[in-house]
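What follows is a short report on a single structure.
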Amino acid sequence: MGCSVSKKKKKKKKKNAMRLPGYEDPDLLASVTPFTVAEVEALYELFKKLSSSIIDDGLIHKEEFQLALFRNRNRRNLFADRIFDVFDVKRNGVIEFGEFVRSLGVFHPSAPVDDNKIKFAFKLYDLRQTGFIEREELYDLRQTGFIEREEMWDIVCIPTEVMVYKAFVEADSKSEGKINIDEWTDFVSLNPSLIKNMTLPYLKLVYIGSYNVIMGNILISYILDRDQL
Ligand SMILES: [Ca+2]
Ligand SMILES: [Ca+2]
């Protein structure tokens, strides 16, 4: 009897431990993202690691995010800040598990190039959150290396100023000096390579055991350009 109570308590304790703030059921998350239940569970292991690196509270704080990306909790850059903000859908200053999985789902290779992905990229590129992509933002993205020169417009080694000019000639159809979401949607449909960075081809190739390593690499190599930061 005593043994059975103790087992029950243990079970309850384990269940409560799983219910950290922002925790969502893997079945639910798998139903709304391209991930399988097993992949969501593997992502939870990675999430636990990232969210406990400074404060073990089941939430990824900005400093933990910076630590994961740069191995330095105090190192920042504008684009990393923006990624954090876009992941933090509820805008409460921390990334919860549900936000983490839903946001990474956009990068899954099976995720369609749909409104969701196009809007996600728009939000990322709108570094200063003005509701438009402006010249200086494209300039900064190019400088961080996020926009690969050979992937954009098939022109290698053009100076950033020229790249930005060319982008605006093509995208800014209203000639307002800034790109709105409709212009962006048209532009991306003509230049799908623009959001090529937002897919993670490795995800299809790996198996669960490698997930932590792969996801670490994804966050570092795919979302940000390692050499430039
Ligand atoms: Ca934390
Ligand atoms: Ca949040």
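Every number in this text was worked out from the coordinates using simple rules, so none of it is lab data. Keep in mind the model is a prediction, meaning the values are calculated, not measured. Positions of Cβ are backbone-derived with ideal geometry, glycine not excepted, and every protein chain shown enters the neighbour counts.
May I ask which of 49/178; 49/123; 90/117; 62/166; 49/90 have a Cα-Cα span longer than 30 Å here? Write down the numbers at each step before the final one.
Numbers: 49/178 40 Å; 49/123 27 Å; 90/117 18 Å; 62/166 35 Å; 49/90 22 Å.
From 49/178; 49/123; 90/117; 62/166; 49/90, over 30 Å: 49/178; 62/166.
Order these peptides, 101-108, 71-78, 31-38, by their mean beta-carbon neighbour count within 10 angstrom, highest first.
Numbers: 101-108: 20.8, 71-78: 12.9, 31-38: 15.2.
So the order, starting with the most tightly packed, is 101-108, 31-38, 71-78.
Please compute the length gained on full extension between residue 161 and residue 91, using 0.36 nm multiplied by the number of residues separating them and subtracting their Cα-Cα distance.
21.9 nm
Between 58, 83, 47, whose Cα lies farthest towards the positive end of the dipole of region 23-86 when Lys and Arg beta carbons carry +1 and Asp and Glu beta carbons carry -1, centred on the Cα centre?
Projecting each Cα onto the dipole axis, the largest value belongs to 83.
Assuming R0 = 35 Å, what is the FRET efficiency of residue 71 and residue 180, from their Cβ-Cβ distance, to the nearest 0.05?
Numbers: r = 37 Å, r/R0 = 1.07.
That pair, residue 71 with residue 180, gives E of 0.40.
From the backbone phi of region 119-127, what are the Karplus-calculated ³J(HN,Hα) couplings (6.51 cos²θ - 1.76 cosθ + 1.60, θ = phi - 60°) in whole Hz, Gly and Pro given as x?
Per-residue couplings from phi come out as 5, 4, 5, 4, 4, 5, 6, 7, 4 Hz.
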